[in-house]
1. Could you tell me whether any residue of region 293-312 is part of a helix (DSSP H, G or I) and among the charged types (D, E, K, R)?
2. Does any residue in region 1-29 that is farther than 30 Å from VAL177 by Cβ come within less than 8 Å, Cβ to Cβ, of a residue that is assigned to a strand (DSSP E or B) and of a type in the set (Lys, Arg) six or more places away or on a different chain, and which pairs are these?
3. Determine whether GLU123 is touching a helix residue (DSSP H, G or I) at 6+ places or on another chain (Cβ under 6 Å), of a type in the set (Asp, Glu) and at pLDDT 95 or above.
4. Please verify whether ARG301 is out of contact with any Leu (no Cβ under 6 Å at 6 or more places or on another chain), touching a residue at least 60 places away in the same chain (Cβ under 8 Å), surrounded by fewer than 24 Cβ atoms within 10 Å (Cβ to Cβ) and over 18 Å from ALA224 (Cβ atoms), treating the condition exactly as stated.
5. Do we have any residue at all in region 121-132 that's acidic (Asp, Glu), within 18 Å of the chain's Cα centre (by Cα) and surrounded by 14 or more Cβ atoms within 10 Å (Cβ to Cβ)?
6. Does any residue in region 62-83 that is surrounded by fewer than 19 Cβ atoms within 10 Å (Cβ to Cβ) come within less than 9 Å, Cβ to Cβ, of a residue that is assigned to a helix (DSSP H, G or I) and not aliphatic (A, V, I, L, M) six or more places away or on a different chain, and which pairs are these?
7. Which condition number in (1) over 19 Å from VAL56 (Cα atoms); (2) among the β-branched types (Val, Ile, Thr); (3) buried (at least 20 other Cβ atoms within 10 Å of the Cβ) is the one that VAL152 fails?
8. Scan region 256-269 and tell me whether some residue there is surrounded by 22 or more Cβ atoms within 10 Å (Cβ to Cβ), touching a helix residue (DSSP H, G or I) at 6+ places or on another chain (Cβ under 8 Å), more than 25 Å from CYS140 (Cβ to Cβ) and modelled with pLDDT of 95 or more.
Amino acid sequence: MSARLITITLNPAIDQTVRLSRLEAGAVHRALGEQTEAGGKGLGVAAVLAALGRPVTASGWLGADNDTVFRTAFATHGITDAMVRLPGATRTNIKLAVAERGDSTDINLPGLSLSPDALRAAEQQLLATLNTAVAAGDWCELAGSLPPGTDVALWERLARALSARGAQLVIDTGGAVLGQLLARLSDPARGPVVAPAFIKPNRAELEELMGRPLPDAQAVADAAQALALRHGVRQMVVSLGAEGAVMADAQGRWQAAAPPVPVATTVGAGDALVAGTLAALMDSQPMPAAGVFGMACAAARIQRIAPGLPPLPEVHELARRIQPTPI
């Protein structure tokens, strides 16, 4: 049986994207249109992986009161639903996609808030679900932010449980939490050392982790390699936005420029980069080829407002335009 991807999203959201021609503080705007979809880092990655033909399971926590948009998304994309339903409603995040600037502004709400007892029960439910869903060799992504009332210790407990089952760990969380989690997993005083298979910080997150600015690709590559060596991370892609990405593994470091494409929205670009890279890694492609395919998926994603990817030949054509160079 081939390896699967299981995403674990603890703080998903209903993403409401409003399209604007321009954005001016304090002004009244007439929207060009809007769309609502299931959101959260893990769910975005799962949708792209499913579009690439990979078997994907989405797990984590979901509010039971408004899960219709998620059930519809899972059925539409062919994603196995292993989300644990909790009392209450999943948060709604608002994304303002501005055509004039070719970017988006996000307004993220905090998420479900549970009592300590309810959180403990929810964690046990999730661990039981993952114990059934995850097999040795599967790839498991710890994705996105933490809901209110939780901290990095929750991610650590889940990571250690998944590693004990023989899963390949992918960590795609925010900068400060990412640093804390990597430090905990690589500390032998806390238990067996857990070496993540893949992480994808952006430049700002890597700067936060290193405590210094990283003004160019060389500085980013040096920092990525130092971080990987410190915490045993096997493969890493650092996204640099319009400047492309830096990729690193035990064999080397590479830089690649992003292919010039028309930008409709930046929403979902990071998830597409992670998903494409993981699809290639799961097919045993090494760096930098895996990172290049991830960059191609991101370049394909940002050309369209609607979620998803264009036909696969278009993604491969974008990948052929990306030329990584050692750095």
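The values are calculated or read from the model by the stated rules, or taken from the named source; none is laboratory data. Computed from a prediction, not measured in an experiment: that's the story for all the values here. Note: ideal-geometry Cβ built from the backbone for every residue, glycine included; neighbour counts use all protein chains shown.
1. Start the filter on region 293-312 by keeping residues that are part of a helix (DSSP H, G or I), which leaves 293-301, 312.
Retained after the next criterion (residues that are among the charged types (D, E, K, R)): 301.
Looking through region 293-312, at least one residue is part of a helix (DSSP H, G or I) and among the charged types (D, E, K, R).
2. Final answer for the pair search is none.
3. Details: touching a helix residue (DSSP H, G or I) at 6+ places or on another chain (Cβ under 6 Å): no; of a type in the set (Asp, Glu): yes; at pLDDT 95 or above: yes.
The answer is no for GLU123.
4. Numbers: out of contact with any Leu (no Cβ under 6 Å at 6 or more places or on another chain): yes; touching a residue at least 60 places away in the same chain (Cβ under 8 Å): yes; surrounded by fewer than 24 Cβ atoms within 10 Å (Cβ to Cβ): no; over 18 Å from ALA224 (Cβ atoms): yes.
No.
5. Just the residues of region 121-132 that are acidic (Asp, Glu), to begin with: 123.
Those left that are additionally within 18 Å of the chain's Cα centre (by Cα): none.
Within region 121-132 (the criterion being acidic (Asp, Glu), within 18 Å of the chain's Cα centre (by Cα) and surrounded by 14 or more Cβ atoms within 10 Å (Cβ to Cβ)), the answer is no, since none of the residues qualifies.
6. THR80/PHE74; ASP81/PHE70; ASP81/ARG71; ASP81/PHE74
7. So VAL152 meets the others, but not (3).
8. Within region 256-269, one or more residues are surrounded by 22 or more Cβ atoms within 10 Å (Cβ to Cβ), touching a helix residue (DSSP H, G or I) at 6+ places or on another chain (Cβ under 8 Å), more than 25 Å from CYS140 (Cβ to Cβ) and modelled with pLDDT of 95 or more.
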